[in-house]
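Quick notes on the structure that follows.
The values are calculated or read from the model by the stated rules, or taken from the named source; none is laboratory data. If you're wondering where the values come from, they're calculated on a predicted model, not measured in any experiment. Virtual Cβ from ideal backbone geometry, glycine too; neighbours counted across all protein chains shown. In case anyone asks, the SASA skips ligands and DNA or RNA and just uses the protein heavy atoms, side chains included. Shrake-Rupley method; radii C 1.70, N 1.55, O 1.52, S 1.80 Å.
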Amino acid sequence: MTDFCIREVRETTPPLLDAFAALMPQLSAGLEAPSAAALERIVRSPSAAMFAAWRDGAAVGALTLVWYDVPSGRKGWIEDVVVDASARGAGVGEALVRAALERAAREGVERVMLTSRPARRAARALYRKVGFEEAETSVFVRRTTGQALGQTGKIAVGTAGNELAEEAGEQAAGLLSEAGRQMEQPKSSASDER
């Protein structure tokens, strides 16, 4: 199947909202579709770009690219990469990631990061195919709202929420881990940094 196109999302539409209702549970069990207002905030953000893969008027995949500036340079993060089960294996994910990487380059992003659990073999193979390398770093998670921490230091969110909290934490905490890892590396020359 190559009958899909990738477009940057410029507005929140009913077909897009319907697509997210179907896509989010495929990303992770227990995830619900974002509200129209939440999607609108992403679409209007000056430091984010959402991309969707469209086939026959329906979105069959999506991802969001965010970028930010820190003392070590402009970084980017690809989040919530998801392709509908009916469109997997047809190059949709690769096309989405490549579109995000092109936009990141236009925004002056020096390094793009993402997370992927080991069980997601196809996704990890895709990321390697487009040039991502696995970083030797750990992800630390700490919620700032909602659930209380238990005595074990783990987040008390119940069975359904554990995977969601873990995945969200992997993505968010990766930003700080990567920055810390870069700060620990000896600085030899500007060209070595890239």
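Inspect all residues belonging to segment 69-77 and state whether any of them is under 14 Å from the mean Cα position of the chain (by Cα) and among the polar types (S, T, N, Q). So far as segment 69-77 goes, no, none of its residues is under 14 Å from the mean Cα position of the chain (by Cα) and among the polar types (S, T, N, Q). Looking across segment 12-29, the residues that are farther than 22 Å from residue 112 by Cβ and crowded, with 17+ Cβ neighbours inside 10 Å come down to 12, 16, 19, 20, 24. Within the option set 115, 152, 137, being of a type in the set (Ser, Thr, Tyr), at pLDDT below 95, surrounded by 12 or more Cβ atoms within 10 Å (Cβ to Cβ) and over 18 Å from residue 30 (Cβ atoms) holds for one residue only, 137.
Taking residue 62 as the residue in question, decide whether it is open to solvent by 10 Å² or more (accessible area, probe 1.4 Å), within 20 Å of residue 128 (Cα to Cα), among the small types (Gly, Ala, Ser) and touching a strand residue (DSSP E or B) at 6+ places or on another chain (Cβ under 8 Å). So residue 62 does not fit the description; no. Of the residues making up segment 57-78, those that are in contact (Cβ under 8 Å) with a residue 12 or more places away in the chain and not small (Gly, Ala, Ser) are 60, 63, 64, 65, 66, 67, 68, 70, 74, 75, 77, 78. The residue pairs whose first member lies in segment 97-108 and is over 19 Å from residue 126 (Cα atoms) and in a loop (DSSP other than H, G, I, E, B), whose second member is open to solvent by 40 Å² or more (accessible area, probe 1.4 Å) and not acidic (Asp, Glu), and whose beta carbons are closer than 9 Å, counting only pairs six or more residues apart or on different chains, are 107/47; 107/74; 108/74. Taking segment 32-54 as the range and being more than 27 Å from residue 88 (Cα to Cα) and either hydroxyl-bearing (Ser, Thr, Tyr) or assigned to a loop (DSSP other than H, G, I, E, B) (or both) as the test, the residues that pass are 45, 46, 47. Is one or more of the residues making up segment 32-45 among the hydrophobic types (A, V, I, L, M, F, W, C) and crowded, with 20+ Cβ neighbours inside 10 Å? Yes, that holds for at least one residue.
When residue 22 is tested against the conditions (1) in a helix (DSSP H, G or I); (2) free of Cβ contacts under 8 Å to residues at least 60 places away in the same chain, the lone failure is (2).
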